[in-house]
Amino acid sequence: MRKVVLVTGASSGIGLALCKRLLAEDNELYLCLACRNSGKAEAVRATLLACYPTAEVTTVQVDISNLQSVFEAAKELKQRFQRLDYVYLNAGIMPNPQLNIKAFFSGLFSRKAIHMFSTAEGLLTQKDRVTADGLQEVFATNIFGHFILIRELEPLLCHNYNPSQLIWTSSRNARKSNFSLEDIQHRKGQEPYSSSKYATDLLNVALNKHFNQQGLYSSVICPGTVLTNLTYGILPPFLWTLLMPLIWLLRFFANSFTLTPYNGTEALIWLFHQKPESLNPLIKYLSATTGFGSNYVTVEKMDIDEDTAEKLYQNLLELEKRVRVNTTQKSDHQS
């Protein structure tokens, strides 16, 4: 029986590398690419099928930041599948990243240089936007749209006889100090990416609490420092050129510099082979690469308070109720 895998953000970066590696592991998968751009998704599908003709590869169009798009994609998926074995919640954004130049050069020549490069702590701010649904775009894309997708796909995910796995792409940049239950969308802050990733870690814990008995398990990973379209926007191209020798050297001192999307998927692939019942929901699984380029997986206990995780979960449920009403009213108005 073919395993069915759904990957969001599958047309580039980590998502694309993940799809290639999954099919290399099991070329008879049923793989569904959930992408915002249908043209890119179809091009990726054709490439994957050319390399793995025995696989089943389909696409579904979804903009995770747009709730109506999420509802429509979930409806299509429920018509297409009876179950989903794995859902990789990978789509994410870091819009308009601004580098704190002073903090960068101050940290560059300090004892915290490796930690700074590994986590980007204190280095990056972002200018967030508001979506058509009235939500902060980073929050909507990185966590809430995926939360709604999970809620909509519960009939395909909750089967006691054969567990399903949710696998989130989180980050070492997930910082408790950047998250607040009073401002879960991070409207008042300047680090919405870090806030959204910490919220992802919290939600992961809450999902395990509420759904493990129904056969649904959740895990979070960090792909490490990977050079993708998302990270290339942080610095001007000439600075990346100047820094690359230093970054390659740092790999001998810090394992988080995975650099390539292929390397960054190591923890995602490792989880594909694990029994979800054996995994610790308070652990983040980290892709790591040695200075000589060998990949492996390491772990990190998350700085998570389970009461805070539960409160976030309840807040998301309340927000879900409100947005469902608004989405219904918009649909009625348009019709």
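The values are calculated or read from the model by the stated rules, or taken from the named source; none is laboratory data. Quick caveat, the model's predicted, so the values are computed rather than measured. Cβ placement follows ideal geometry from the backbone for every residue including glycine, while neighbour counts extend to all protein chains displayed. Surface areas here come from the heavy atoms of the whole protein model, side chains and all, with no ligands, DNA or RNA. Shrake-Rupley method; radii C 1.70, N 1.55, O 1.52, S 1.80 Å.
Quick grid of which residues meet (1) in contact (Cβ under 8 Å) with a residue 40 or more places away in the chain; (2) not aromatic (Phe, Trp, Tyr):
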site	(1), (2)
LEU250	yes, yes
SER256	yes, yes
LEU271	yes, yes
TYR285	yes, no
GLY291	yes, yes
LYS301	no, yes
ASN315	yes, yes
ARG322	no, yes
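Filtered by the rule that a residue be out of contact with any Ser or Thr (no Cβ under 7 Å at 6 or more places or on another chain), open to solvent by 30 Å² or more (accessible area, probe 1.4 Å) and in contact (Cβ under 8 Å) with a residue 24 or more places away in the chain, region 180-192 gives a lone residue, ARG187.
At least 1 residues that are modelled with pLDDT of 95 or more and more than 20 Å from the chain's Cα centre (by Cα) in each: list the helices (runs of 4 or more DSSP H) lying fully within region 248-334 that qualify. Can you show your working first?
Numbers: elements: 261-264, 266-272, 306-334.
Result: 306-334.
Being of a type outside the set (Phe, Trp, Tyr) and at pLDDT 95 or above is a description that applies to THR169.
How many residues are surrounded by fewer than 20 Cβ atoms within 10 Å (Cβ to Cβ), farther than 17 Å from ASP63 by Cβ and out of contact with any Leu (no Cβ under 8 Å at 6 or more places or on another chain) when one looks only at region 1-20? Talk me through it step by step, then tell me what you get.
Filtering region 1-20 down to residues surrounded by fewer than 20 Cβ atoms within 10 Å (Cβ to Cβ) leaves 1-3, 12, 20.
Okay, now just the ones that are also farther than 17 Å from ASP63 by Cβ, so 1-3, 20.
Add one more test, that the residue is out of contact with any Leu (no Cβ under 8 Å at 6 or more places or on another chain), and what stays is 1.
Total meeting the criteria: 1.
Looking across region 238-281 at every residue that is more than 30 Å from GLN214 (Cα to Cα) and among the small types (Gly, Ala, Ser), the one that is surrounded by the fewest Cβ atoms within 10 Å (Cβ to Cβ) is identified as ALA254. The residues in region 130-154 that are over 18 Å from ASP201 (Cα atoms) and open to solvent by 10 Å² or more (accessible area, probe 1.4 Å) can be counted, and the count is 9.
Only one entry of THR119, THR125 meets the criterion of being modelled with pLDDT under 95 and either farther than 24 Å from ILE283 by Cα or open to solvent by less than 10 Å² (accessible area, probe 1.4 Å) (or both), and that entry is THR125. Exactly one residue out of SER177, SER164, SER171, SER194 is out of contact with any helix residue (DSSP H, G or I) (no Cβ under 6 Å at 6 or more places or on another chain) and of a type in the set (Gly, Ala, Ser), and it is SER177. Residue by residue through region 27-83, note down the ones that are in contact (Cβ under 8 Å) with a residue 24 or more places away in the chain, open to solvent by 70 Å² or more (accessible area, probe 1.4 Å) and among the aliphatic types (A, V, I, L, M). Of everything in region 27-83, nothing turns out to be in contact (Cβ under 8 Å) with a residue 24 or more places away in the chain, open to solvent by 70 Å² or more (accessible area, probe 1.4 Å) and among the aliphatic types (A, V, I, L, M). The set of residues in region 193-212 that are at pLDDT below 95 and open to solvent by 10 Å² or more (accessible area, probe 1.4 Å) contains only TYR193.
Quick check on region 282-294. Is at least one of its residues hydroxyl-bearing (Ser, Thr, Tyr), over 28 Å from GLN136 (Cα atoms) and open to solvent by 80 Å² or more (accessible area, probe 1.4 Å)? Checked against the condition, which is being hydroxyl-bearing (Ser, Thr, Tyr), over 28 Å from GLN136 (Cα atoms) and open to solvent by 80 Å² or more (accessible area, probe 1.4 Å), region 282-294 yields no hits at all. Looking across region 270-292, the residues that are touching a Leu at 6+ places or on another chain (Cβ under 9 Å) and over 14 Å from CYS222 (Cβ atoms) come down to PHE272, PRO276, LEU279, PRO281, GLY291.
Restricting attention to region 155-179 and to residues that are of a type outside the set (Lys, Arg) and open to solvent by 40 Å² or more (accessible area, probe 1.4 Å), the residue that is nearest to GLU76 (Cα to Cα) turns out to be PRO155.
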